[in-house]
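Coordinate-derived values only; no laboratory data. No experiment lies behind these values; they were computed from the predicted model shown. Virtual Cβ from ideal backbone geometry, glycine too; neighbours counted across all protein chains shown.
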Amino acid sequence: MLKNKTALITGSTSGIGLGIAKALAAKGANIVLNGFGDTETPQKEIAALGAKVAYHGADMSKPAEIEAMMAFAAEKFGQVDILVNNAGIQHVARIEDFPIEKWDAIMAINLSSAFHATRLALPSMQKANWGRIINVASVHGLVASAEKSAYVAAKHAVVGLTKVTALENATSGITCNAICPGWVLTPLVQKQVDAKAATMGLSDQDAKKQLLSEKEPSLQFTTPEELGELAVFFCSAAGNNVRGVAWNMDGGWTAQ
Ligand code: NAD
């Protein structure tokens, strides 16, 4: 279905980004990975699916490095047809205690990076009259939680950016949509589980149950594989006229 298409997924060495990369690779897309940590294993996992894979280590908080990454992808595979803006970090603290550098980092990585990658991807998508931009927002793009001011502000803004991108390209073959997951058990969330276990004196298992029961009626984590399949749908022909949506996969979190 995605043969001869190239997908660049930011923050894809781990968690949701890697799940989306694998789902797109399984449909035949060439994959450009990005992110920190172990960069070899994810490349091997993508190659094992029969896809062509490349990696660029751009720091998504740095616009010049994002430009270099987009140029690298174009040089490697011709152009980026599918852009998944996924890189993101979290910091949890009350506003009066929120470190300024954490605020700035979350705005740069969770929000501005999506603007930069999108502005750089659009010209070649417009030339081809086909493109898919998928922004990994969050339920926190739609509702708030205490102690997540930067994250909630950035994710609400990502949903806004999604709508503008969709509207500016509405008469073309380029769509832009957001995915809004609830809890997904990735390293980003495990840190929050660990903090809960420590402050409440709970086991890892009980801290997970506690986390889910506070917000997610299904009491289940969404998986990176399930989110990957939603991304595949956005890239399919059936997704041609899905434009500017913020689609929850949140176990009922925002239905309450
Ligand atoms: P994760 O920590 O597993 O993965 C984050 C990825 O981003 C990693 O590959 C990491 O190396 C990369 N990254 C971090 N900072 C970077 C930077 N400066 N430059 C380049 N790459 C960088 O986290 P995840 O849970 O998979 O999160 C992925 C996205 O999904 C984030 O935008 C997050 O806000 C969003 N999200 C996560 C959840 C959840 O419950 N896990 C829920 C909703 C939304």
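Could you tell me how many degrees, from 0 to 90 and to the nearest 10, lie between the Cα long axis of helix 113-128 and the main elongation axis, the longest principal axis, of the Cα atoms of the chain?
Here the helix axis deviates by roughly 30 degrees.
Considering the alpha-carbon set of the range 129-199 alone, what are its Rg and its Dmax in angstrom?
For the range 129-199, the Cα radius of gyration and maximum Cα-Cα distance read 15.3, 52 Å.
Within a 10 angstrom radius of the beta carbon, how do LEU83, LEU188 rank from fewest other beta carbons to most? Write out the running numbers ahead of the final one.
Values: LEU83 29, LEU188 15.
Exposure proxy ranking, most exposed first: LEU188, LEU83.
Suppose every Lys and Arg Cβ carries +1 and every Asp and Glu Cβ carries -1, with no other charges. What dipole size does the range 88-230 come out with about its Cα centre, to the nearest 20 debye? Could you put the intermediate results ahead of the total?
Numbers: 13 positive and 14 negative charges, 79 e Å.
Value, rounded to 20: 380 debye.
Dividing the alpha-carbon Rg of the range 85-182 by 2.2 N^0.38 Å yields what? Intermediate results must be reported in sequence, preceding the final value.
Working: Rg = 14.5 Å, N = 98, 2.2 N^0.38 = 12.6 Å.
Normalised by 2.2 N^0.38 Å, the Cα Rg of the range 85-182 equals 1.15.
Highest first, please rank the peptides 152-161, 16-25 by the mean number of other Cβ atoms sitting within 10 Å of their residues.
Numbers: 152-161: 20.7, 16-25: 26.3.
By packing density, highest mean first, the sequence is 16-25, 152-161.
Hey, in the GNM for the chain with a 10 angstrom Cα cutoff, which one of ALA51, ALA146, ALA74 fluctuates hardest?
Checking each option, the largest mean-square fluctuation is seen for ALA146.
Please compute P(r) over all alpha-carbon pairs of the range 112-233, binned at 5 Å starting from zero, and give each bin as a whole-number percent.
Values per bin, smallest distances first: 2, 10, 17, 19, 18, 13, 9, 6, 4, 2, 1, 0.
Which value in Å does the Kirkwood hydrodynamic radius of the chain take, with 1/r averaged over all unlike C-alpha pairs and then inverted? Could you put the intermediate results ahead of the total?
On the way: mean 1/r = 0.0545 Å⁻¹.
For the chain, the Kirkwood estimate is 18.4 Å.
Could you state the angle between the C-alpha long axis of helix 149-168 and the longest principal axis of the C-alpha atoms of the chain, as a value from 0 to 90 degrees rounded to the nearest 10?
The two axes meet at around 30 degrees.
Per 0.36 nm of contour for each residue apart, how much would the distance between THR254 and GLU225 grow if the chain were fully extended, relative to their Cα-Cα spacing?
Values: separation 29, 0.36 × 29 = 10.44 nm, distance 2.10 nm.
That works out to 8.3 nm of additional length.
What are the extents of the Cα atoms of the range 79-141 along their three principal axes, listed from largest to smallest and rounded to whole Å?
In descending order, the Cα extents are 48, 21, 12 Å.
Take the Cα radius of gyration of the range 182-256 and divide it by 2.2 N^0.38 Å, with N its residue count; two decimals is plenty. Display every interim value, and only then the final one.
Details: Rg = 15.2 Å, N = 75, 2.2 N^0.38 = 11.3 Å.
Against the empirical 2.2 N^0.38 Å value, I get 1.34 for the range 182-256.
In cubic angstrom, how much convex hull volume per residue do the alpha carbon atoms of the range 28-79 span?
Working: hull volume 3.3 nm³, N = 52.
Here the figure is 63 Å³ per residue.
Would you tally the net charge around LEU2, using a Cβ to Cβ cut-off of less than 15 Å, leaving LEU2 out, and scoring K and R as +1, D and E as -1?
In short, +4.
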